[in-house]
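In what follows, a single structure is set out as structure tokens and then discussed.
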Amino acid sequence: MARIHLYVAAACTVVLALAVLSLAGDPDMLQDICVADLASPIKLNGFPCKANVTADDFFFAGLKNPGNTNNPAGSVVTAGTVEKFPGVNTLGVSIARIDYAPGGQNPPHTHPRATEIVFVLEGTLEVGFITTANKLFTKTITKGEVFVFPRGLVHFQQNRGYGPAAVIAAFNSQLQGTQAIAATLFGAAPPVPTDILAKAFKIGNGEVDAIKAKFAPK
């Protein structure tokens, strides 16, 4: 009887381990390919497969050229997710290019569905992430170097050089999702009640309203 209990315990351990692994990224694919049918009216957790597939579905040229960083943040993300690159549907990967003007910032944000790893194409960046214990891990990285941001944790990048900077970012999700912290809290629609934000940030209602005005839809 003791041996049976041991086998049951071991089997439960394996099942739990496999369950944890299955939550590390997108669900496993069940066929060789499933190119996203972005025009389909069917709604599910991902995208349905389209019938007529070509090599172009697995090709994306969007990262060749620098993006336009002429905006308040001084940065721009060119995403190669399933919405632009349908061949990655069900593959559990996507890619992006991020360009930064001098002093440009990719503001604090999270990716709820993916770990992110960046490879520096050019420039000097200060990068970092914050754990749920509020510990900051930060480092200055330059051309040819790599840094990883764990799934779901708040992270950022800031151009600390005197010229433009750029990275290639990879994700273990076809559609990682992005929540910019400031824009999420102060630019939500409908808006988060002012008194809630005032209490959370320990500032006055007027200060909250002033910040909200900066994130209001243009």
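The values are calculated or read from the model by the stated rules, or taken from the named source; none is laboratory data. All values reported here derive from a predicted model rather than from experimental measurement. Don't worry about glycine lacking a Cβ; one is built from the backbone with ideal geometry, like all the others, and counts go over all protein chains shown. Quick note on the areas: whole protein, heavy atoms, side chains included, nothing else; ligands and nucleic acids left out. Shrake-Rupley method; radii C 1.70, N 1.55, O 1.52, S 1.80 Å.
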Report summary line: Within the range 121-161, the count of residues that are aliphatic (A, V, I, L, M) and open to solvent by 40 Å² or more (accessible area, probe 1.4 Å) comes to 7
Query raised in the report: Any chance the range 187-200 includes a residue that's in contact (Cβ under 8 Å) with a residue 60 or more places away in the chain and open to solvent by less than 40 Å² (accessible area, probe 1.4 Å)?
Result: no
**Report entry** Hits in the range 77-100 (condition: in a strand (DSSP E or B) and either open to solvent by 50 Å² or more (accessible area, probe 1.4 Å) or hydroxyl-bearing (Ser, Thr, Tyr) (or both))
**Finding:** Val77, Thr78, Ser94, Ile95, Tyr100
Query raised in the report: If you check Gly103 against the conditions, is it open to solvent by less than 40 Å² (accessible area, probe 1.4 Å), under 28 Å from Lys212 (Cα atoms) and of a type in the set (Gly, Ala, Ser)?
Result: no
Report task. May I ask you to say which residue of Ala183, Ala213, Ala166 is assigned to a helix (DSSP H, G or I) and surrounded by 12 or more Cβ atoms within 10 Å (Cβ to Cβ)? Result -> Ala183
Report task. Answer yes or no: is there a residue in the range 44-56 that is part of a loop (DSSP other than H, G, I, E, B), β-branched (Val, Ile, Thr) and touching a residue at least 40 places away in the same chain (Cβ under 8 Å). Result -> no
Query raised in the report: How about the range 34-48: which of its residues are at pLDDT 90 or above and aliphatic (A, V, I, L, M)?
Result: Val35, Ala36, Leu38, Ala39
Requested in this report: Answer yes or no as to whether Thr54 is β-branched (Val, Ile, Thr), out of contact with any helix residue (DSSP H, G or I) (no Cβ under 9 Å at 6 or more places or on another chain), surrounded by fewer than 12 Cβ atoms within 10 Å (Cβ to Cβ) and modelled with pLDDT of 95 or more.
Outcome: yes
Report summary line: Over the range 189-212, the set of residues of a type in the set (Gly, Ala, Ser) and modelled with pLDDT of 95 or more is Ala198, Ala200, Gly204, Gly206, Ala210
Report task. Filter the range 106-120 down to residues that are over 15 Å from Gln179 (Cα atoms) and either surrounded by 22 or more Cβ atoms within 10 Å (Cβ to Cβ) or of a type outside the set (A, V, I, L, M, F, W, C) (or both), then give me how many there are. Result -> 1
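Given the criteria free of Cβ contacts under 8 Å to residues at least 24 places away in the same chain and over 13 Å from the mean Cα position of the chain (by Cα), does Ala133 qualify?
yes
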Query raised in the report: Quick one: what pairs do we get from the range 88-111, first residue at negative phi, second of a type in the set (D, E, K, R) and open to solvent by 10 Å² or more (accessible area, probe 1.4 Å), C-beta under 7 Å, 6+ apart or different chains?
Result: His111/Arg151
Query raised in the report: Can you tell me which residues in the range 140-171 are of a type in the set (S, T, N, Q) and under 18 Å from Thr78 (Cβ atoms)?
Result: Gln157, Asn159
